[in-house]
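Below: one structure, written as structure tokens.
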Amino acid sequence: MAHDEVSGPESPASDSSAVETSRGTSTTTVVASDVENPGEPAHRQRVTDTDPKAAKTAQRSVYTLFYLSIAGSVFAIAAYMAFPIENDDVGSVRLNTLFIGIGVALALFGIGLGAVHWAKALMYDKEGIDIRHPVAGTPETRARAVEIFHEADQESGFGRRTLIRNSLIGALIAFPLPGIVLFRGLAPQSEDPAELLSHTMWKKGARLTLDPSGIPVKASDVTIGSVFHIIPEGLNEMPDRLEQKAKAAVLLMRLNPEDLNISPGRESWSYDGIVAYSKICTHVGCPVALYEQQTHHLLCPCHQSTFDVVNECQVIFGPAKRPLPQLPIEVDSEGYLVAQSDFNEPVGPSFWERS
Ligand code: FES
């Protein structure tokens with residue numbers, strides 16, 4: 001078969017790469033230039049290109065959206081001043097974030113939609129072709145670059161003066177280390193941070209209560225397939241309740257007892273299929289808040305770590321490395337669910353002192 005060999009990297013029709021196909025015993029070579037270039041599809045005009053009235057309407061929509069965005073930004077600032085966060089008042093945090101969030105969402109929505117509408121309805125709309133140029137420089141340019149690199153090495157003595165070079169590399173490696181050590185200062189100084197991270201406010205006999213109301217939960221309230229967000233009894237009265245909640249939050253679920261795979265030593269940690277696990281993800285501490293009732297999987301929305309409730313919250317997907325710690329529970333004389341003790345291991349992500 002005869003084909004036109006076209007050379008030169010600049011032309012889109014010049015790709016002379018070949019594909020070999022076999023039919024029986026004969027081999028045919030198909031060259032890209034054999035394929036007819038279908039060309040560009042015919043340009044379709046938009047309504048706004050042909051109808052000045054439609055263009056005017058589109059223009060009005062675009063600036064209205066941008067004005068809406070300005071209004072959203074002003075609203076967010078006003079909300080910041082109108083709904084200040086009061087110390088220890090969770091309600092004020094909610095109002096503050098809600099109204100600032102609405103304002104910021106409006107601002108972003110207005111800019112985003114306005115820009116897209118502008119681009120689609122009013123901006124230049126003709127198709128064009130950009131030819132892809134080779135990325136590599138010419139052989140001369142590359143040779144010169146290598147030459148400059150060697151010259152710089154010679155002039156600076158970087159390769160020759162090994163003692164200086166190695167000490168510089170050591171200094172650059174050591175330089176960020178104080179920054180890492182300074183993280184230690186983020187922990188409260190009044191207590192041993194390892195001790196602080198190793199315990200929560202759960203203790204023997206503490207009732208499991210609903211988050212945020214603090215209403216105690218009876219075992220009979222927990223039906224199969226249900227899930228409850230739980231905090232320890234008395235948490236709402238703690239002066240540092242947000243800090244305590246960040247460690248002690250729990251998810252409570254009830255499954256068929258025969259579905260649970262319980263390892264030796266944990267037989268008494270659940271009650272008739274009711275299990276409680278730390279809500280704090282063992283990856284970097286986000287609240288694990290999504291429960292898939294059919295699969296019995298708990299999902300962390302931050303990086304999609306997935307924990308299998310049937311198998312003691314072992315990690316089955318994602319970056320978390322440890323199962324969610326289980327809170328041993330039982331039922332008191334009045335039928336309320338209570339903790340048997342604190343967690344048997346620290347909750348949440350790793351820390352240096354963690355054993
Ligand atoms: S914090 Fe849960 S997966 Fe990252």
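The values are calculated or read from the model by the stated rules, or taken from the named source; none is laboratory data. A quick note: this is a predicted structure, and the numbers were derived from the prediction, not measured. Methodologically, a virtual Cβ is constructed for each residue, glycine included, from the backbone with ideal geometry; neighbour enumeration extends over all protein chains shown. With ligands, DNA and RNA removed, areas are computed over all heavy atoms of the protein, side chains included. Shrake-Rupley method; radii C 1.70, N 1.55, O 1.52, S 1.80 Å.
Please specify each residue of region 295-305 satisfying the condition of being within 12 Å of the chain's Cα centre (by Cα) and not hydroxyl-bearing (S, T, Y). Reasoning before the result, please.
Here is the first cut: in region 295-305, the residues within 12 Å of the chain's Cα centre (by Cα) are 300-305.
Residues satisfying the conditions are C300, P301, C302, H303, Q304.
Residue by residue, here is whether (1) open to solvent by 80 Å² or more (accessible area, probe 1.4 Å); (2) without any contact (Cβ under 8 Å) to a residue 24 or more places away in the chain; (3) outside the structural domain of I280 (by TED's automatic domain parsing) holds:
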| residue | (1), (2), (3) |
| --- | --- |
| F149 | yes, yes, yes |
| Q154 | yes, yes, yes |
| F158 | yes, yes, yes |
| L163 | yes, yes, yes |
| S167 | no, yes, yes |
| G170 | no, yes, yes |
| V181 | yes, yes, yes |
| S198 | no, no, no |
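I'd like to know if region 51-61 contains one or more residues that are within 30 Å of L235 (Cα to Cα) and among the charged types (D, E, K, R). It would help to see each step written out before you state the result.
So the first thing to find is which residues in region 51-61 are within 30 Å of L235 (Cα to Cα), and the list is none.
No, there is no match, as no residue in region 51-61 is within 30 Å of L235 (Cα to Cα) and among the charged types (D, E, K, R).
Suppose the filter is within 26 Å of L186 (Cβ to Cβ), surrounded by fewer than 19 Cβ atoms within 10 Å (Cβ to Cβ) and more than 16 Å from the ligand (Cβ to nearest atom); does E330 pass it? Outline the logic, then answer.
On the way: within 26 Å of L186 (Cβ to Cβ): no; surrounded by fewer than 19 Cβ atoms within 10 Å (Cβ to Cβ): yes; more than 16 Å from the ligand (Cβ to nearest atom): yes.
No: the conditions fail for E330.
Name every residue in region 76-132 that is surrounded by 14 or more Cβ atoms within 10 Å (Cβ to Cβ), in a loop (DSSP other than H, G, I, E, B) and not β-branched (V, I, T), in order of residue number.
F83, L122, D125
Residues checked against (1) under 19 Å from the mean Cα position of the chain (by Cα); (2) within 16 Å of the ligand (Cβ to nearest atom):
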site: K247; (1), (2): no, yes
site: R254; (1), (2): no, no
site: P264; (1), (2): no, no
site: Q293; (1), (2): no, no
site: F307; (1), (2): yes, yes
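Filter region 275-291 down to residues that are at pLDDT 95 or above and among the hydroxyl-bearing types (S, T, Y) and give me whichever is farthest from the ligand (Cβ to nearest atom).
So the residue we want is Y277.
Do you know which of the residues in region 316-327 that are among the hydrophobic types (A, V, I, L, M, F, W, C) and open to solvent by 40 Å² or more (accessible area, probe 1.4 Å) is nearest to the ligand (Cβ to nearest atom)? Outline the logic, then answer.
Looking only at region 316-327, we keep the residues that are among the hydrophobic types (A, V, I, L, M, F, W, C), and these are 316-317, 320, 324, 327.
Add one more test, that the residue is open to solvent by 40 Å² or more (accessible area, probe 1.4 Å), and what stays is 316-317.
Numbers: I316: 12, F317: 9 Å.
Among them, the one singled out is F317.
Look at C313 and say whether it is within 19 Å of P346 (Cα to Cα) and within 16 Å of the ligand (Cβ to nearest atom).
Working: within 19 Å of P346 (Cα to Cα): yes; within 16 Å of the ligand (Cβ to nearest atom): yes.
Answer is yes for this residue.
Quick check: anything in region 310-329 acidic (D, E) and either outside any loop (DSSP other than H, G, I, E, B) or not assigned by TED's automatic domain parsing to the domain that holds F228 (or both)?
no
For V347, state whether it is within 14 Å of the ligand (Cβ to nearest atom), surrounded by fewer than 18 Cβ atoms within 10 Å (Cβ to Cβ) and in a loop (DSSP other than H, G, I, E, B).
Values: within 14 Å of the ligand (Cβ to nearest atom): yes; surrounded by fewer than 18 Cβ atoms within 10 Å (Cβ to Cβ): no; in a loop (DSSP other than H, G, I, E, B): yes.
No; evaluated as a whole, the condition is false for this residue.
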